[in-house]
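The values are calculated or read from the model by the stated rules, or taken from the named source; none is laboratory data. Remember, predicted model here, so these are calculated numbers, not experimental data. In this analysis, Cβ positions are derived from the backbone assuming ideal geometry, glycine residues included, and neighbour counts consider all displayed protein chains. The area values use the complete protein model at the heavy-atom level, side chains included, leaving out ligands, DNA and RNA. Shrake-Rupley method; radii C 1.70, N 1.55, O 1.52, S 1.80 Å.
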Amino acid sequence: MNRATRAIDLNADLGEGFANDAVVLDYVTSTSICCGAHAGGPETIEATLRAAKSRGVAVGAHPGYSDRAHFGRVETALSAAEVERLVLDQCAALAGPARAAGVALRFVKPHGALYNQAQLEPEVARGVLDAVARLRLPLLGQRAGVLAEGARARGLAYVVEGFPDRAALPDGRLVPRGTPGAMLESTDAIASRAVALADEGYATLCLHGDEPRVVERVAAVRRALESAGFRVVSMWS
């Protein structure tokens, strides 16, 4: 592959109430912004939307379970209809502040346990897919799993996302959090993995905004990608 002709989008999950959002936005080309259920709040979300707008960073919605105590990372048993309503309601909640900031929502990316369950559980996947079909927005997710299969079967726009700070199983699914080796800790290792994922053809790469070292990591990832010859540009332009 000629890396000089290969573009890669770099994203981060932001608007969750952490201190580094504005700096992270200097390095990424898109951001999934919290809808206020699993974290964040109106002032944080509105400030992140304005900061993304000022930097030309594309914005997507990041809906998750309404479980602030566990940051939306505890699995929840919901029907497909309940998941659909959760996603639609949270995207609607973000759409108003986004319009006020002059920002269009370009995609949807579920958060935390909702994201993970949608990759594995047909009922949860169906709810997410029903919602994005109504929203007519692209969906971000993992390369393998029932969510990807369902999106492709229904002809929905689906963007494959890689995680430089996470180990993956052979089929592309993430190694579950809590499993030894699931989380990469070395910034150099994360940057090297980002280049490897870009070489594998992932469309966008994600860094987690709640990680205390996210600024160091996102800067290293961007440097590594550009040094390797990739063009780090928004796929939503």
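Hey, what's the Kirkwood Rh for region 55-94 if you take every pair of different alpha carbons, in angstrom? Walk me through the numbers on the way to the answer.
Details: mean 1/r = 0.0867 Å⁻¹.
Kirkwood hydrodynamic radius for region 55-94: 11.5 Å.
In the calculated pair distance distribution of region 75-204, what percentage of Cα-Cα distances lie above 25 Å? The partial results should precede the final answer.
Details: 2572 of 8385 pairs.
Of all Cα-Cα pairs in region 75-204, 31 percent lie more than 25 Å apart.
Report, by chain and number, residues whose modeled amide H sits under 5 Å from the one on residue 61, excluding near sequence neighbours (fewer than 5 apart, same chain).
Hits under the 5 Å cutoff: 33, 106, 107, 108, 109.
Quick one: divide the alpha-carbon radius of gyration of region 155-237 by 2.2 N^0.38 Å and tell me what you get.
Here the Cα radius of gyration is 1.09 times the empirical estimate.
Is there a quick way to get the dipole size of region 125-237? I mean about its Cα centre, with the Cβ of Lys and Arg at +1 and of Asp and Glu at -1; what is the value in debye to the nearest 20? Could you put the intermediate results ahead of the total?
On the way: 15 positive and 13 negative charges, 86 e Å.
Around 420 debye, computed over region 125-237.
Which percent of Cα pairs goes in each bin when the distances of region 1-140 are cut into 10 angstrom slices starting at zero?
Here the calculated profile for region 1-140 is 13, 43, 32, 11, 1.
Sorting 21, 188, 89 by accessible area (1.4 Å probe), largest first, what list results? Intermediate values should be presented prior to the final figure.
Values: 21 15, 188 120, 89 80 Å².
Largest to smallest exposure gives the sequence 188, 89, 21.
Give me the Kirkwood hydrodynamic radius of region 1-83, using the inverse of the mean 1/r over all pairs of distinct Cα atoms, in Å to one decimal.
Working: mean 1/r = 0.0714 Å⁻¹.
Computed over region 1-83, the radius equals 14.0 Å.
Given charges of +1 on the Cβ of Lys and Arg and -1 on the Cβ of Asp and Glu, with all other atoms neutral, how large is the dipole of region 1-120 about its Cα centre, in debye to the nearest 20?
Using Cβ point charges on Lys, Arg, Asp and Glu, region 1-120 gives about 460 debye.
Please give the net charge around residue 65, taking every other residue with its beta carbon less than 12 angstrom from that of residue 65, where Lys and Arg add +1 and Asp and Glu add -1. Walk me through the intermediate numbers first.
Working: positive: 68, 73; negative: 67, 75, 82.
After counting each charged neighbour, the total is -1.
For residue 154, put the label point 7 Å out on the Cα→Cβ axis and report which residues of region 70-93 keep their amide N under 18 Å from it.
78-92
Using helices alone, I'd like the mean residue ellipticity at 222 nm for the chain: each DSSP H run of four-plus residues gives -39500 (n - 2.57), total over residue count, nearest 500. Present the calculation step by step, with values, prior to reporting the outcome.
Numbers: 8 runs with 98 residues, N = 237.
Helix-only estimate at 222 nm: -13000 deg cm²/dmol.
Counting only protein heavy atoms and using a 1.4 Å probe, what share of the accessible area of region 152-237 belongs to carbon plus sulfur, as a whole percent? Could the numbers behind the result be given before it?
Numbers: 2080 of 3870 Å².
So the carbon and sulfur contribution to the accessible surface is 54 percent.
Of the options 153, 178, 12, report the single residue whose Cα projects farthest towards the positive end of the charge dipole of the chain (beta-carbon charges: Lys, Arg +1; Asp, Glu -1).
153
What does the charge dipole of the chain about its Cα centre add up to, to the nearest 20 debye, if the Cβ of each Lys and Arg holds +1 and the Cβ of each Asp and Glu holds -1?
Details: 26 positive and 27 negative charges, 141 e Å.
So the dipole magnitude of the chain works out to roughly 680 debye.
Enter the Cα centre distance for the pair region 46-60 and region 156-182, rounded to the nearest angstrom.
Going from one Cα centre to the other spans 26 Å.
So what's the chain giving for Rg/Rh, alpha carbon basis, Kirkwood Rh from the mean inverse pair distance?
Rg/Rh: 0.93.
May I ask you to give the percent of accessible area on region 21-88 that is carbon plus sulfur, with a probe radius of 1.4 Å? Before the final figure, lay out each step's value.
Values: 1430 of 2770 Å².
So the carbon and sulfur contribution to the accessible surface is 52 percent.
How much accessible area per residue does the chain have, counting only protein heavy atoms and a probe of 1.4 Å, in square angstrom?
Working: 9820 Å² over 237 residues.
Here the per-residue accessible area is 41 Å².
Which distance in nm do the two modelled labels at residue 19 and residue 68 give, with both placed 7 Å along the Cα-to-Cβ direction?
For residue 19 paired with residue 68, the spin-label model returns 2.1 nm.
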